[in-house]
Each structure stands twice: as structure tokens, then as C-alpha cells.
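Below is one structure, written out as C-alpha cells; comments come after it.
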Amino acid sequence: MEVSWAALTGHANEVRELKTLLTEGRLPHALLFTGREGIGKKLVGQILAAAILCGHGGEPCGHCENCRAMAAGAHPDYYELLPEVRGKSTRIIRIEAIREMQTAASRSAVQAGRRVVLIDDADTMNEPAANSLLKTLEEPEGQVTFILIARDRSSLLDTIVSRCMPLAFGALSPSELQQELQKRNLSAEIAGKLAALADGSLGHALKLSQHGGLELRDNALQFLLALPQMTMGKLWSEAAAKSEMDRESLSEWVMYFHMFLRDMLLLYSDGASPLLYNGDVREQLTQLLSWFPPGRLFAMVQQTRELQHRLQANVNLRLQLEGFFIRLKDCH
């Protein structure tokens, strides 16, 4: 685990604020970090936890017993809670996990004199878990700091948000992403392409480079290219094949499909725009415009957003995809 702010890419203003609060002793007992996935919110939380447990101000010293324990991922006073996945269901934080955390957080600190609890993807808590956490935030026991990580504060109970200091993290710039990717021994050309596709998320850029993301993007493009002439039989087979994908890969595929639709809308307003996510396939997208007028594209974007929302729930993937593909064909 990283224990130095130098390991972080971007977010200079947010880090400066956190350092000041910690140095001046004004850090609240609960914080909420929000922003899109993969931009470094959790890493900020982990480094902040190291600084809190280190106790030497806003910067972890990196050498004391607490910093060494954090770097090894074995600090007895640091508790990290992640969502649970059961089978093909969505990732959820259940009340049992919150209760285990509450038990750990209520114990006396072993080493640092205080405890830090980081809850990743806090917006995946079900209602019983959220209500249970609320009670802890209202009446925390002992010296404990809670760091909640979420994509969107609107997905959390208003009462939880009101008891946390919110800190919103913006997307990373393409130049920041490209620089970070080149540190990982990627060429400037590949890093630039990945940075353009990643939508400000280093996590997405790394998935693209390491886990077949470029192949998923190309598959989404081939589907879009074939859609105008696609028969109903082909739609059924596409739905059947894609329903066999794991939920995370399918969500990425839908994200890339959405990016292509967004790029095509941008091409209508400015055919030479440098803001395309997929600038390397500009010519292919331009050729598709005759099949997809702006009104149809807007309708397809709406259908894609609704599918992205449904995929966050425990739904039948094949039925959802069949309905989605039919609605895409019917959009006008």
C-alpha cells in the first residue's frame, strides 16, 4: 500500500486541503470522497489514513512503525471494507459487513492511538447496511476516522452525506493520464490513445491496457457498424453471446458503445473536433452518420444510459440485452 502523496496522480487542490485540515487538527471524523471510478479516490483515502495513523502532520513520514505497517497492508488500526460479490450478482455491502466493521472500530487502538475505517464503494450499501452505518456516524465510539468512497453522493442516504465532509474529485486530464501510463513502460502513441479513451480515469486506462479493453472497444465498434443491417436473428445471437460475459466486462462494453454514440453526435457539430474519445476511428464513425441522424443518436444514448443503470442491479442479462438491442433498432 502506498504511504506517500507522491504516488498520487493529479488532485493537487484536494490533497492540499486534506493536508491543511490534518496539520491544523481540523480533520472531521467522517469524510466522503466522490468522483468517477478509477481516478484515485481510494488511493487518496489510503494515503490520508497513513498520514492520520502516522501522526506527524499532513505527510506520512514513511519510516515509523505505523507507516511501515500501512505500507505492508497490515496495520492493526486500519480497517478497509469492500463490497461483496456472490455469483453473478452485483457488488453489495451488506449489514453483516457493517456490523463486523463496527465491532472492529469499537475496539481500542492497538498501535497508533486511533483507528481509521475506509469504506470503498460505499454507494453499494443496501438499505439495512446504510441505516446501520448511519448510527455509527452519529455516535462514533472512541478515536476513529471514517473515509467513505463513492461515485456519486446522490446514491447515499442524505443523512449519511450530512454527517460527512464531502470532497469531490474531478477527472484526470489526458496529459496526466498519458504521463502516468508512460511511467508504466507504454509507448507515447499507445498511452495517448488509452488516455483519450479512458474518460479521465486511470483505472479505466489500465484496464484497457491490461485486460482486453481495446478488444471490447473494437467489438462495440463492430456491433455499431453492423447494426443498420442486422437481422433479428443476429440480434438474438449477439444478446446470447454478450450475456455470457462477466458483468464488469459487459458494463465496459456498454460504456464504449456509449462513447461511440457521443463521438458521432460530436461529429455532427464539428467533423474535425479534437475532443473525440475514439479519434483513431473518426473516418468509420463519419461514414455511419448517414444511418444515424441526430434524433436517432439521442434516443440511442438514452437507451444506453438506461441499460447502464439496469446493469447495476441483479437483472437477467440476456433479457436486458435482447430488449436493449430491439429498442436500438426501433429508435428513430
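Here are some notes:
- Calculated from backbone phi, Karplus (6.51, -1.76, 1.60) coupling profile of region 251-263 in Hz, x at Gly/Pro: 4, 5, 4, 5, 4, 5, 4, 4, 4, 5, 4, 4, 5
- The calculated Kirkwood hydrodynamic radius for region 5-168 is 16.0 Å, given to one decimal from all distinct C-alpha pairs.
- For a straight C-alpha distance cut-off of 17 angstrom, the aspartates and glutamates reachable from LYS329 (same-chain residues fewer than eight places away being disregarded) are GLU238, GLU306.
- Across region 76-82, computed HN-Hα scalar couplings (Karplus, 6.51 cos²θ - 1.76 cosθ + 1.60, θ = phi - 60°) run x, 9, 10, 10, 10, 10, 10 Hz from first to last residue, x flagging Gly and Pro.
- Dividing the summed helix terms, -39500 (n - 2.57) for each DSSP H run of n ≥ 4, by the number of residues in the chain produces a 222 nm estimate of -16500 deg cm²/dmol to the nearest 500.
- From the coordinates of this entry, P(r) over Cα pairs in 10 Å bins from 0, in percent is computed, and it appears in (1) 5, 20, 24, 22, 17, 9, 3, 0; (2) 6, 27, 36, 23, 8, 1, 0; (3) 5, 22, 28, 23, 14, 6, 1 under the label (3).
- Between the Cα long axis of helix 294-310 and the first principal axis of the chain there is an angle of about 40°, rounded to the nearest 10.
- Anchor LYS207: lysines whose Cα lies under 22 Å away (excluding residues fewer than 8 positions away in-chain): LYS41, LYS42, LYS88, LYS183, LYS193, LYS242
- Span from the region 149-228 Cα centroid across to the region 265-307 one, whole angstrom: 19
- Cα gyration tensor, region 1-82 - rounded (a/c under 1.5), prolate or oblate: rounded
Laboratory data are not the source of any read-out in this text; all were calculated from the coordinates shown. Since this is a predicted model, take the numbers as computed values, not measurements.
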